[in-house]
Each structure stands twice: as C-alpha cells, then as structure tokens.
Amino acid sequence: MFTGIIESTGTLRATEEVDGDVRLIIESDNLGFDDVKLGDSIASNGICLTVVAMDDNSYSVDVSRETLAKTTMKHWQPGDTLNLEKAMLPTTRFGGHMVSGHVDDVGVIKVMREDARSIYIEIAIPDALKKYAATKGSITVDGISLTTNLVKDNIVCLNIIPHTAEVTNIGRHWKVGGEVNIEVDLIARYLERLNSAEAE
C-alpha cells in the first residue's frame, strides 16, 4: 500500500529480457535503501514492483508481460526519470490517499499549459474508468496522488503546484500526447463492488 506522495525520483538504468519477461534496474541517490529488503515493494511511476536485487543506490525488479501491456512501462527507455515511493508503514503520515500500485490503465495528456504558477493539465482516461473519477476526488497519475479539479466525461482536469512539478517527473517527461499510468480511487472501486453485490 502507498499514499501517492513521491519520496524521490530515480533513473531507469537498464532493461534486460529474461525468458519472455523483463528485468529493470532503477537507480536513485535520494530514495534511501537502508530500510528496504528483498521482497519489499517500491512504486515506480505508480506501478507496485517487488525488489529482487539491490545495492546501495539501485534496485532490480522483474516485470510480467501483463504489466508491460497494461502500463506505460512498455515505452520506458534507459535514462527515463521515474517517480518512486516505498511501501507505507503503519506509522507513516498519510499525506495522499490510499494507493495500491495496481495500475488500471493508461491515460493520454490532452492539454498542458501554464496557469499562473501552476501547470494546468487535462488527461483523457479510458471510458471504462470515467465512472470512478469525481470532481474534487482523488486519482493517481504516474504514482502521484492528485486532486481532480473537474471531470468532463472522460477528461480529468488537474492543476499541478510548483512543488509537485519540481519533485516528480512532471516537468521533465510529461507532454501533450504522452501516456501516463492511471489508478482510480480504491474507495470508488469497493463501493461499486458493494453496490453490485447487493443488487445480485
């Protein structure tokens, strides 16, 4: 479980095919690995990945074909900047919202422009996900917990404050036409399941 508050950015250093799947090596000088052990989870651009090897400033993860198909990871290249968050502890301050790290699908950035000191962004999400999006609700984009200003059909409107743009990969990698990982609000998903179960 994560909160969507990015702890650090990292760099994809290498990719390697392993029996049809992929192994990634991700490096970060600022994340801190003192409290990380093999088998722990680190959200990388919002994708919950299991650490299978590590050293002082990097970790390796194995990625299935399902994850490659469902996320932006299929487009990642060595040198790309990734948003990183270690799994939360029971004592962690809950600064964002409940994030599982299980990406639902990919969205596409349609608008990105300056809005005073903020960045105004519109993201088109798949039609199957739009029922989970709500004005002034929460959504996770590339692992970042964000508040939706407005939802217009399948368009999610966001304003990114300068601090968020600075400490994530938004200012470096997001652009119009680019794809981003989307995870909808967990509470909305569970409410839907509860309602559908009661109707059965």
Report summary line: Taking placed amide H atoms and a strict 5 Å upper bound, the residues 5 or more places from V111 or on another chain that come that close are E122
Query raised in the report: Based on the Cβ-Cβ distance from D115 to L68, what FRET efficiency comes out when R0 is 45 Å, to the nearest 0.05?
Result: 0.85
Query raised in the report: For the range 1-114, what % of the accessible area comes from carbon and sulfur atoms, probe 1.4 Å?
Result: 46
Report summary line: Taking a crude spin-label model, label points 7 Å out from Cα along the C-beta direction, the T15 to A124 distance in nm is 2.4
Query - Between the range 97-113 and the range 47-62, the alpha-carbon center distance in angstrom - result: 22
Query - With Cα atoms, 0 to 90° folded angle of helix 186-199 axis to the chain main axis - result: 60
**Report entry** List D115, D35, ordered by accessible area with a 1.4 Å probe, largest first
**Finding:** D35, D115
Query raised in the report: Where does the Debye-calculated log10 I(q)/I(0) of the chain sit at q = 0.12, 0.13, 0.17 Å⁻¹, using only Cα point scatterers of equal weight, no solvent?
Result: -0.59, -0.70, -1.17
**Report entry** Length gained when the stretch C157-D34 is fully extended (0.36 nm per residue, less Cα-Cα span)
**Finding:** 40.5 nm
Report summary line: Sequence order, the range 128-139: Karplus ³J(HN,Hα) from phi using 6.51 cos²θ - 1.76 cosθ + 1.60, θ = phi - 60°, Hz rounded, Gly and Pro as x, gives 5, 9, 5, 5, 8, 9, 9, 4, 6, x, 10, 8
Report summary line: Charge dipole of the chain built from unit charges on the beta carbon (Lys, Arg +1; Asp, Glu -1), centred at mean Cα; most positive-end Cα among S118, W174, N195 is S118
Report summary line: the chain accessible area per residue, 1.4 Å probe, protein heavy atoms, integer Å², reads 53
Report task. Send over the Kirkwood Rh of the range 29-132, from the inverse of the averaged 1/r over different Cα pairs, rounded to one decimal Å. Result -> 16.1
Query raised in the report: Which whole-Hz ³J(HN,Hα) couplings does the range 10-19 yield from phi under the Karplus relation 6.51 cos²θ - 1.76 cosθ + 1.60, θ = phi - 60°, glycine and proline marked x?
Result: x, 10, 6, 8, 7, 10, 8, 6, 9, 6
Report summary line: For 131-137, 43-49, ranked highest to lowest by mean beta-carbon neighbours within 10 Å, the order is 43-49, 131-137
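The values are calculated or read from the model by the stated rules, or taken from the named source; none is laboratory data. Because the structure is predicted, anything quoted here is derived from the model rather than measured. Counting neighbours? That spans all protein chains shown, and the Cβs are built from the backbone with ideal geometry, glycine included. Please note that ligands, DNA and RNA were not included when accessible areas were found on the heavy atoms of the full protein model with its side chains. Shrake-Rupley method; radii C 1.70, N 1.55, O 1.52, S 1.80 Å.
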